[in-house]
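A short write-up of the structure that comes next.
What follows is calculated from the coordinates using simple rules that are stated; it is not laboratory data. Because the structure is a prediction, the values reported are computed rather than measured. Every residue, glycine as well, gets a Cβ built from its backbone with ideal geometry; the counts of neighbours run over all protein chains shown.
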Amino acid sequence: MSIINVPLNLREKLGNKAVEELVGLLNEVEEKSRDRSMEIVESKFEKRLVEESFSMKSELKEEIAQVRSELKEEIAQVRSELKEEIAQVRSELKEEIAQVRDELKEVKLSLIKWMIGFFIGQSALLLSVLAIFLK
């Protein structure tokens, strides 16, 4: 409650009781004015708060959508890179398998040559031993 000093001339003309009622009336008007001002300020604050929260919500939605889009693009890029690398590894593996097959063919051919040479040598040795026994 605020203190109001009533000038002496006014106090003498109105009287003490009237001055006290006037001060009470002024205090009541001030209190109601303060309450109404608080209501207006609260209402404006709530309205501003709702607007700001809506604005932030919209911004967050936009940012989330943008991040999702960027992630999708990056995932697609990584998938593409992985597919390319897998295709490259498959190609290299096929080439290496073909090389191993060629090497195996060469080893088989060499082994067959050695077997034929050994067979011819064994046959010649056997024929020589038989020729010696038959003489």
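Note on K32 and E20: the model spin-label points, each 7 Å out from Cα along the C-beta direction, lie 2.2 nm apart.
Put the Cα centre of the range 1-56 next to the Cα centre of the range 58-135 and the gap is 94 Å. Label-to-label distance for I40 and R11 is 3.4 nm, based on points extended 7 Å past Cα in the beta-carbon direction.
Overall dimensions of the chain, expressed as equivalent-ellipsoid semi-axes from the Cα gyration tensor (√(5λ), whole Å, largest first), are 120, 14, 7. Note on E84 and V67: the extension gain reaches 3.6 nm, defined as 0.36 nm multiplied by sequence separation minus the Cα-Cα distance.
Selection among L134, S69, Q99 by position relative to the dipole of the chain gives L134 as farthest towards the positive end (Cβ unit charges, Cα centre). Placing a label point 7 Å from the Cα of F118 along the Cα-to-Cβ direction, the residues of the range 72-112 with a backbone N closer than 13 Å are 110-112. Full extension of the chain between S55 and L126 yields a length gain of 15.2 nm, computed as 0.36 nm times the residue separation minus the alpha carbon distance. For the chain, find the longest principal axis of its Cα atoms and tell me its angle to the long axis of helix 16-134, 0 to 90°, nearest 10. Orientation of helix 16-134: about 0 degrees from the principal axis.
Each Lys or Arg adds one and each Asp or Glu takes one away; over the other residues whose Cβ falls under 13 Å from the Cβ of Q77, this sums to -3.
Each helix, a run of at least 4 DSSP H residues, gives -39500 (n - 2.57); summed and divided by the residues of the chain, these come to -35500 deg cm²/dmol at 222 nm. Charge tally around G24: other residues with Cβ under 12 Å, Lys/Arg +1 each, Asp/Glu -1 each, net -4.
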